[in-house]
Structures are given as C-alpha cells and as structure tokens.
Amino acid sequence: MTDEARRVPGDFESWFEGLVRAFPEFSETNDDDFFRDDDGLVLGHLFVGEITANLVAGRLGDRHRVRALLDFLEAGYATGDAYRQNVIALSFVENLGPRSRHLRHLGPRLTAVARELYPDAFGWRRVWGTPRRARS
C-alpha cells in the first residue's frame with residue numbers, strides 16, 4: 001500500500017493513539033486484533049462504536065471521566081480530517097441514539113451533528129412518556 005493510500009487512516013491512527021493514552025481503560029480493546037485490519041490499522045468505526053457502547057453502559061466511571069471523553073471526541077471532530085469526522089459522527093453520535101442523556105453534554109460541533117441526525121431530540125421533550133413541545 002502506498003503512503004498516499006495510508007494517509008487518511010494515518011491521521012486517525014495518531015489521534016487514536018492519543019485516545020488510548022488519555023483513556024487507558026481502552027488499551028485492552030486496543031490490543032484486541034478484532035478491532036484492526038490485516039495491516040494492523042485500527043478499524044475506526046468498530047472501535048469508536050465500542051467506546052460508545054461502554055459510555056452508554058456506564059462503564060467509564062464518574063462524570064469527570066465521561067466529560068473528559070466527550071471533550072476529547074469534540075476536539076477530535078473539530079481538528080480531524082473527513083475520515084475522523086465521519087467516524088466520530090456516525091460511530092459515536094449516531095450510536096448514542098436520539099434519547100441518550102449524553103446528547104445534552106456534547107460540545108457545540110457534536111451537538112450540531114446530533115441536531116442533524118436527531119432534529120426531534122432537541123425540539124421536543126418527553127413528559128410522562130408523551131412527546132411535548134419544549135417550553136421556550
């Protein structure tokens with residue numbers, strides 16, 4: 001494979017290494033070959049989907065750890081190339097789902113992504129199981 005063909009995943013790889021350094025709880029997943037292709041590159045959508053599953057399941061610990069992860073993903077989206085932005089938008093924000101309590105804690109760029117994916121999640125709120133228009 002040429003260097004040019006590896007350029008886009010390479011940007012993701014360096015960001016991903018920073019993610020694992022900042023969040024060592026993901027190092028075991030990082031060591032799992034299931035999350036890598038035949039060339040050893042991280043399968044971005046699969047790995048970030050796993051991170052999302054851990055967040056939703058409450059496996060990240062306290063709210064400060066969750067906040068740090070959301071900030072890391074926000075910064076990664078803001079500074080990333082199209083591949084990284086796609087991975088974070090689809091495998092993180094989209095996997096959160098429209099009813100996730102984490103949507104309200106996203107930074108401005110990921111909130112914009114979430115609003116695009118789930119417009120009703122921001123204009124409506126649930127009261128006793130019935131959708132109602134949010135008060136201004």
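Just so it is clear, none of the values below were taken in a lab; they were calculated from the coordinates. All values reported here derive from a predicted model rather than from experimental measurement. Here the Cβ is made from the backbone with ideal geometry for all residues, glycine too, and neighbour counts use every protein chain on show.
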For the pair residue 104 and residue 90, the simple spin-label estimate (label points 7 Å beyond Cα toward Cβ) gives in nm 3.0
Sorting 103, 89, 75 by the position of each Cα along the dipole of the range 75-126 (Lys, Arg +1; Asp, Glu -1; all at Cβ), the one nearest the positive end of that ordering is 103
The long-range amide H neighbours of residue 36, using H built 1.01 Å from N in the peptide plane and a cut-off of under 5 Å, are 43
A chain fully extended from residue 25 to residue 117 at 0.36 nm per residue, minus the present Cα-Cα distance, gains in nm 30.2 nm
A correct Karplus calculation of ³J(HN,Hα) over the range 96-110, with 6.51 cos²θ - 1.76 cosθ + 1.60, θ = phi - 60°, whole Hz and x for Gly and Pro, returns 4, x, x, 9, 5, 5, 6, 4, 6, 9, 6, x, x, 6, 6
Under the 7 Å Cα-to-Cβ spin-label approximation, residue 68 and residue 41 lie apart by a distance in nanometres of 3.0
